[in-house]
1. For the pair Q162/E283, report the inter-label distance in nm, with labels modelled 7 Å from Cα in the Cβ direction.
2. What nm distance separates the two modelled labels at D237 and S105, each placed 7 Å from Cα along Cα→Cβ?
3. Provide the per residue accessible area, probe 1.4 Å, for region 1-131, rounded to a whole number of square angstrom.
4. Go ahead and set up a Gaussian network model of the chain, Cα springs under 10 Å, then flag whichever of G24, G212, G225 fluctuates most.
5. I want to verify a result. In a Gaussian network model of the chain, Cα cutoff 10 Å, which of these has the top mean-square fluctuation: A45, A135, A37?
6. Taking the Cα atoms of region 174-256, what is the range of coordinates along each of the three principal axes, in descending order and whole Å?
7. Using just the Cα positions, wrap region 150-222 in a convex hull and report its mean projected area in square nanometres, one decimal place.
8. Direction-averaged shadow area of the convex hull around the Cα atoms of the chain, nm²?
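The values are calculated or read from the model by the stated rules, or taken from the named source; none is laboratory data. Model, not experiment: these values are computed from the prediction. For neighbour counting, all protein chains shown are included, and Cβ atoms are generated from backbone atoms with ideal geometry for every residue, glycine included. Accessible surface areas use protein heavy atoms only, side chains included; no ligands, DNA or RNA. Shrake-Rupley method; radii C 1.70, N 1.55, O 1.52, S 1.80 Å.
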Amino acid sequence: MPVISAPQEFNTEDLYVNLREMYGFPLHLKCEGFNFAGSIKLKAAASMIEAAERSGELTQDSILVESSSGNLGVALSVIAAAKGYRFICVVDSRTNLATRKVIESLGSEVHTVSEPAAEGGFLAARLAYVQGLLATSPRYVWLNQHANPDNWRAHYRTTAPQIEKQFPALELLFIGAGTTGTLMGCARYFKEQPRPVTIVAVDSDGSVTFGGPAGRRMIPGLGTGVRPALLDTSYVDDVVHVPETDTVRACHTLARGGFLFGGSTGTVVSGALRWLAEHRPGEDVTAVAIAPDLGERYLDTVYQSSWVRDIYGDLEGQGQGEDDGERDGDGGGESDADGQEMTDLSSGALQS
């Protein structure tokens with residue numbers, strides 16, 4: 001049995017859900033939410049903090065500060081509590097209450113930005129607040145997950161090798177795109193292996209990550225308003241864009257089977273199933289999709305019938321894949337939430 005002394009030392013790497021019986025497609029879902037932060041972001045948080053410690057940027061006198069829509073903020077709070085760091089998580093008024101309570105319960109501080117910036121919306125306003133803190137004292141350290149290479153290195157070292165260990169004959173890997181840390185780490189790893197693995201990125205409708213038009217998004221998880229600094233499309237073989245209505249449907253189908261996953265997982269599953277239906281119908285391929293988190297933090301949104309009805313109308317009366325208008329969202333995958341021009345996020349992995 002595992003015996004640990006720090007929360008970041010534990011993560012369930014070898015848990016997969018076989019979705020063939022539920023959906024009729026050969027797809028295994030790698031579950032990344034079974035750790036003390038509740039999401040895959042614990043890996044990136046630990047990697048970035050450890051690198052900052054090794055470089056000397058982060059010391060016991062430092063104050064961590066990060067703009068987050070949710071999951072990374074929780075992950076950094078977990079590690080900050082374990083290591084004795086002070087951490088200020090900058091969120092906005094749309095960040096769900098449960099996430100804010102988790103961060104505060106772990107001893108970190110939450111600053112909520114209540115008004116969007118004229119250009120760049122809430123994300124730009126959060127980043128402006130971070131930059132303001134950095135200007136006041138050299139004690140503040142910003143890890144900047146959007147541009148920090150130790151984000152993708154975490155998955156190059158852990159997530160991808162674990163998938164290869166469990167599925168040595170892997171043919172297809174479906175990965176959601178937020179900051180693109182998970183995508184880039186896994187894609188880089190598998191592109192260096194002798195066996196070809198097709199890397200399919202799954203993104204939200206309204207995201208500009210892969211060159212599509214900006215749109216509003218409501219579900220925390222995937223998508224951005226500007227191309228992430230970490231993204232290198234030469235490692236990506238194909239991209240699927242998923243309407244949020246299909247995300248909701250996928251989450252509800254999984255929940256009816258007893259699996260309560262997060263919105264970003266619903267997006268990835270929906271995109272993977274559509275890609276398989278279009279490109280590999282009837283084939284018995286070896287395919288894996290990554291589930292970033294679980295569904296408890298989405299209870300007031302994706303799993304709240306009144307919220308879904310207010311945003312999307314009656315989904316039962318709509319066909320799958322229909323366009324439901326503009327969307328607005330924030331990111332468990334640390335996405336931009338406004339569909340507006342985003343502030344440049346690539347100005348250095350570390351600022352202190």
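1. For Q162 paired with E283, the spin-label model returns 2.8 nm.
2. About 4.1 nm separates the two model spin labels.
3. Heavy-atom SASA per residue in region 1-131 reads 42 Å².
4. The residue that fluctuates most here is G24.
5. A135
6. Taking max minus min along each principal axis of the Cα atoms, region 174-256 gives 38, 32, 17 Å.
7. So the Cα hull casts an average projection of 5.4 nm².
8. Mean shadow area of the hull around the Cα atoms is 17.0 nm².
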